[in-house]
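Engineer: Before we start, here is the structure in question, set down as structure tokens.
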Amino acid sequence: MAAPGAAGLGRRLRAWLPRIMPVRWSRYNPNYLEPEVKKESYQKPLEELTEEEREQMELKAVRPIKAAPPSLSSSVFSDPMISKFTNMMMKSGNKVLARSLMSQTLEAIKRKQLEKYHKASENEKETIECNPYVIFHQALKNCQPIIGLSNITKGGKTYQVPVPLTDNRKRFLAMKWLITECRENKHRRTLMPEKLCQELLLAFNNEGPVIKKKHVLHKMAEANRAYAHFRWW
Amino acid sequence: MAAPAYPAWVTRWVSGQWRNKKRPPTLRPPRTLALADKVANRREQSTEATCITEMSVMMACWKQNDFNDTPCAKEIRMFYDCVAKAEKERKNQNEDTLSSKGNLPSSKVNKLLKRFPQITRYV
């Protein structure tokens, strides 16, 4: 009689105690505030803050704050777009490999651009962009489609209707196209950083297969523009 | 002369009740003659697609410039502005106000009617 009693007591005690291990789908109380990671916001003197920022600071004194996720960093070198791209490149949770590939890509871009810079004549030197982050951002921006196609069924037939895309969707499509292009259409012996570097430089100059894919999508949207009225939003 | 007091059957005979007027009631309502608390479900007309003019202007520009984005930057910006505006309006649209065409869909009407039902009996 003591054993089932003890087991039941243990179960009930465990249910009453809060969880110690974090759970994947844990949801915070709506009272919890987002953590502020940027150092610059804490270095501002009190007078420079606007009304809403003062209110925010007062709230922070009384409300609890969510735990900062491990991908959020206050370093000057962290870039949310690059983190997103690294996560999309990652396979089976191997973040170490994905991050090293990303840094090798950026290094390769810098090397290539520096080579071009040193070989160029004086007046061309200003036009050559050497910052790999700038190249990455500009290349992604050039790859983003402006309008997308969505399947809408009307009267039994499915049509491809041109539809405006959200910013998140555009970014996702650009990154996805880049990564699939680099994974599939490369020689067996070229490594990913090299191929990615080539594709990014081509996209930066509005050339290359990813830009072509974007143009193909635009052409299809333009061909189907008669169906644009099938949208209801 | 005073009004002659006829027996009841005389007046009834004269009024024709026995001839053709004494019939069972023609209207036999299966339900109570009162308004119901709901409206029939009507398939509401879908709203129009937004930003079609901007999109067609942008596509015309694309056709002229071989789908390059740099010469069409102005049209693209206008398209983005229109899309952002439409999205904001869709978010701000209050559920209880009328839709853009000016009529309430049947689900909302039913919700309102449920809050203020027809009083069928007094307690």
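The values are calculated or read from the model by the stated rules, or taken from the named source; none is laboratory data. Please read all numbers here as calculations on a predicted model, not as lab measurements. With ideal geometry, Cβ positions are generated from the backbone for all residues, glycine too; neighbour counts draw on all protein chains shown.
Engineer: What single numbered condition from (1) in contact with a strand residue (DSSP E or B) (Cβ under 8 Å, 6 or more places away or on another chain); (2) surrounded by fewer than 12 Cβ atoms within 10 Å (Cβ to Cβ); (3) within 23 Å of A:Glu207 (Cβ to Cβ) fails to hold for A:Thr158?
Structural biologist: Looking at each condition in turn, A:Thr158 falls short on (3).
Engineer: Hey, could you check region A:69-99 for residues that are among the hydroxyl-bearing types (Ser, Thr, Tyr) and exposed (fewer than 12 other Cβ atoms within 10 Å of the Cβ) and say which is nearest to A:Tyr133 (Cα to Cα)?
Structural biologist: Here the answer is A:Ser75.
Engineer: If we keep just the residues of region A:54-68 that are of a type outside the set (D, E, K, R) and touching a Pro at 6+ places or on another chain (Cβ under 9 Å), which is surrounded by the fewest Cβ atoms within 10 Å (Cβ to Cβ)?
Structural biologist: A:Ala67
Engineer: Then there is this: Name the single residue that is nearest to the other protein chains (Cβ to nearest Cβ) among those in region A:107-144 being in contact with a helix residue (DSSP H, G or I) (Cβ under 7 Å, 6 or more places away or on another chain) and charged (D, E, K, R).
Structural biologist: In this case the residue turns out to be A:Glu129.
Engineer: Of the residues in region A:189-211, how many are within 12 Å of another protein chain (Cβ to nearest Cβ) and surrounded by 14 or more Cβ atoms within 10 Å (Cβ to Cβ)?
Structural biologist: Matching residues across region A:189-211 total 2.
Engineer: What are the pairs, 6+ residues apart or on separate chains, where a residue within region A:145-165 that is under 13 Å from B:Ala49 (Cβ atoms) and within 10 Å of chain B (Cβ to nearest Cβ) has its Cβ under 8 Å from a residue that is assigned to a loop (DSSP other than H, G, I, E, B) and aliphatic (A, V, I, L, M)?
Structural biologist: A:Ile147/A:Leu165
Engineer: Considering only region A:165-179, I want to know if a residue exists there that is assigned to a loop (DSSP other than H, G, I, E, B), surrounded by 12 or more Cβ atoms within 10 Å (Cβ to Cβ) and either at pLDDT below 95 or not polar (S, T, N, Q) (or both).
Structural biologist: Yes, region A:165-179 has at least one match.
Engineer: List pairs: first residue in region B:24-38 and in a loop (DSSP other than H, G, I, E, B), second residue among the charged types (D, E, K, R) anywhere in the structure, Cβ distance under 7 angstrom, at least six positions apart or on different chains.
Structural biologist: From residues that are in a loop (DSSP other than H, G, I, E, B), the pairs are B:Asp37/B:Lys114.
Engineer: Same structure again: Considering region B:49-90 alone, what residues qualify as being without any contact (Cβ under 8 Å) to a residue 24 or more places away in the chain, more than 7 Å from chain A (Cβ to nearest Cβ), outside any loop (DSSP other than H, G, I, E, B) and surrounded by 13 or more Cβ atoms within 10 Å (Cβ to Cβ)?
Structural biologist: B:Val57, B:Met58, B:Ala60, B:Cys61, B:Glu75, B:Tyr80, B:Ala84, B:Glu87
Engineer: Grab the helices (runs of 4 or more DSSP H) fully contained in region A:1-106, keeping just those with 3 or more residues being at pLDDT below 90.
Structural biologist: A:2-16, A:40-43, A:51-62
Engineer: Might you let me know whether region A:180-191 holds any residue that is of a type in the set (A, V, I, L, M) and touching a Gly at 6+ places or on another chain (Cβ under 9 Å)?
Structural biologist: To start, the set of residues in region A:180-191 that are of a type in the set (A, V, I, L, M) comprises A:191.
Next cut, touching a Gly at 6+ places or on another chain (Cβ under 9 Å) only: none.
No, the conditions are met nowhere in region A:180-191.
Engineer: Hey, could you check region B:101-123 for residues that are among the hydroxyl-bearing types (Ser, Thr, Tyr) and loosely packed, with under 10 Cβ neighbours inside 10 Å and say which is modelled with the lowest pLDDT?
Structural biologist: For region B:101-123, the residue satisfying everything is B:Thr120.
Engineer: Would you point out the residue of region B:19-48, among those that are modelled with pLDDT under 75 and surrounded by 11 or more Cβ atoms within 10 Å (Cβ to Cβ), that is nearest to the other protein chains (Cβ to nearest Cβ)?
Structural biologist: In this case the residue turns out to be B:Thr47.
Engineer: Determine, yes or no, whether A:Asn151 is assigned to a loop (DSSP other than H, G, I, E, B) and over 21 Å from A:Cys182 (Cβ atoms).
Structural biologist: no
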